[in-house]
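> Quick one: the structure is below, and I'll ask about it shortly.
The values are calculated or read from the model by the stated rules, or taken from the named source; none is laboratory data. As the structure is a prediction and not an experimental result, all values here were calculated from the model. Glycine gets a Cβ as well: all are built from the backbone with ideal geometry, and neighbour counts include every protein chain shown. For accessibility, only protein heavy atoms count, side chains too; no ligands or nucleic acids. Shrake-Rupley method; radii C 1.70, N 1.55, O 1.52, S 1.80 Å.
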Amino acid sequence: LGGGGDDSHICTYPLIETSNQAGCDDHKYPGVHVAHEALFWVTIVILVTFEVELFLLIYLLGPEKFFHQLIYVVDLFIVTLSLVLELLFRAASNQLNEVLPGILIIFRMWRFVRIGHGLVASTYEVQEHKTELAMEHIEELEERLKKSEEEVPERPEKLRRSE
């Protein structure tokens, strides 16, 4: 789309001179660079928060329990690797920066898996507890009916305890 003229002031060594001006902007739009810097530090803060959370979990559960849970170990690996890679990207060469962000994104997807797993596990535990309370209540009511010599209806198959 070049409008003619001398574009030599746009690109400098080691960039290869082309008719495209994209990618040759050092600080033409400073807002983008400021946003990039801010988002980098937000990412670091989030990763450090996850790392602290995991180290607290190690402390609270104890290393033996923590490291026997594969999902916690993988989570620690992913968060630590993400933090290390993010800091390495900051200091790495441009060629390395072209390949590794994609890998980092894949690793970070693990956090979504963990969040999903946590939601499913906690929902299951709550429902399991409610079900157990309901079964205890049913058994208590059946005992009261038997004591008062009332007929106790047969439980549906789904409500029978497997013993």
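> Considering only segment 132-151, I want to know if a residue exists there that is β-branched (Val, Ile, Thr), surrounded by 11 or more Cβ atoms within 10 Å (Cβ to Cβ) and within 20 Å of Phe40 (Cα to Cα). First the steps, then the outcome.
Step one: list which residues in segment 132-151 are β-branched (Val, Ile, Thr), which gives 138.
Keeping just the survivors that are surrounded by 11 or more Cβ atoms within 10 Å (Cβ to Cβ) gives 138.
Among the residues that remain, those that are also within 20 Å of Phe40 (Cα to Cα) are: none.
There is no residue in segment 132-151 that is β-branched (Val, Ile, Thr), surrounded by 11 or more Cβ atoms within 10 Å (Cβ to Cβ) and within 20 Å of Phe40 (Cα to Cα).
> Is there any pair linking a residue in segment 72-90 that is surrounded by 14 or more Cβ atoms within 10 Å (Cβ to Cβ) to one that is among the polar types (S, T, N, Q), with Cβ under 7 Å and at least six apart or on different chains, and which?
Close Cβ pairs satisfying both conditions: Glu86/Thr43; Phe89/Asn97.
> Among the candidates Phe55, Phe50, Phe66, Phe40, single out the residue that is assigned to a helix (DSSP H, G or I), of a type in the set (Phe, Trp, Tyr) and touching a residue at least 60 places away in the same chain (Cβ under 8 Å). Steps first, please.
Working: Phe55 fails: touching a residue at least 60 places away in the same chain (Cβ under 8 Å); Phe66 fails: touching a residue at least 60 places away in the same chain (Cβ under 8 Å); Phe40 fails: touching a residue at least 60 places away in the same chain (Cβ under 8 Å).
That would be Phe50, the only listed residue that is assigned to a helix (DSSP H, G or I), of a type in the set (Phe, Trp, Tyr) and touching a residue at least 60 places away in the same chain (Cβ under 8 Å).
> For residues that are in contact with a helix residue (DSSP H, G or I) (Cβ under 8 Å, 6 or more places away or on another chain) and more than 17 Å from Ile115 (Cα to Cα), scanning just segment 26-47, find the one that is most open to solvent (accessible area, probe 1.4 Å). Spell out the reasoning first.
To start, the set of residues in segment 26-47 that are in contact with a helix residue (DSSP H, G or I) (Cβ under 8 Å, 6 or more places away or on another chain) comprises 27, 40, 43-44, 47.
Adding the requirement that they be more than 17 Å from Ile115 (Cα to Cα) leaves 27, 40, 43-44.
On the way: His27: 133, Phe40: 15, Thr43: 35, Ile44: 17 Å².
Here the answer is His27.
> For a quick check of your reading of the model, give me the residue pairs whose first member lies in segment 137-162 and is of a type in the set (D, E, K, R), whose second is exposed (fewer than 10 other Cβ atoms within 10 Å of the Cβ) and outside any helix (DSSP H, G or I), with beta-carbon atoms closer than 7 Å and at least 6 apart or on different chains.
Going by the 7 Å Cβ cut-off, there are no qualifying pairs.
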